[in-house]
Structures are given as structure tokens and as C-alpha cells.
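Just so you know, all these numbers are worked out from the coordinates, no wet-lab data involved. Note that the structure is predicted; figures quoted are calculated from it, not measured. Don't worry about glycine lacking a Cβ; one is built from the backbone with ideal geometry, like all the others, and counts go over all protein chains shown.
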Amino acid sequence: MPRPEVTQAGSPEEAREARVRLPQLKLDELLEELQARLDAARGTRDRVHSRLEAVLSVGGELELGSPDGGGSTVVWRVPVPTE
């Protein structure tokens, strides 16, 4: 019959509880880090969403006319950079 493991904790039950708590602590740390990363991702998502709403709001108010003068022309040509 194997001897019960006795550590500085005192009893075999306390030693077993200590072994069970160690992985639990690591899991808790991983979950905390996951939560922090999720919060950061949500913040980034919210900023991108706000900027997209701003672009759509401004773009929705633009009136694009033709280059021959028909209508109010705000933007009618996008310059293409030459190499």
C-alpha cells in the first residue's frame, strides 16, 4: 500500500488540495488574460465602428456630379499616383 503524501501543508488532504489549486490558479490567470484581450478587442471594434459611422455620415452628404458641370460637383475624379 502506497504511503500517503505528506508535505509542509501537514495532512495528505491538504497536499491534495494544494495540487488541485495550482492548475486552478493557472486557469484563473489564463482566463484573466483572455478577458483583458477580449476587452481590448471590443474597444478596437468600437473605435472602428465609430469611424465607419463617421465616414458613412460624411459620405452620405456628398453630392457627386459629372465633370461636365452638370450638378454640384464636390469630388468627381480621384487622382491616381504615377510611378
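The simple spin-label model puts a point 7 Å past each Cα toward its Cβ; for Glu61 and Arg16 those points are separated by 7.1 nm. In this simple spin-label model, placing a label point 7 Å from the Cα along the Cα-to-Cβ direction at both Leu31 and Asp46 gives a separation of 2.3 nm.
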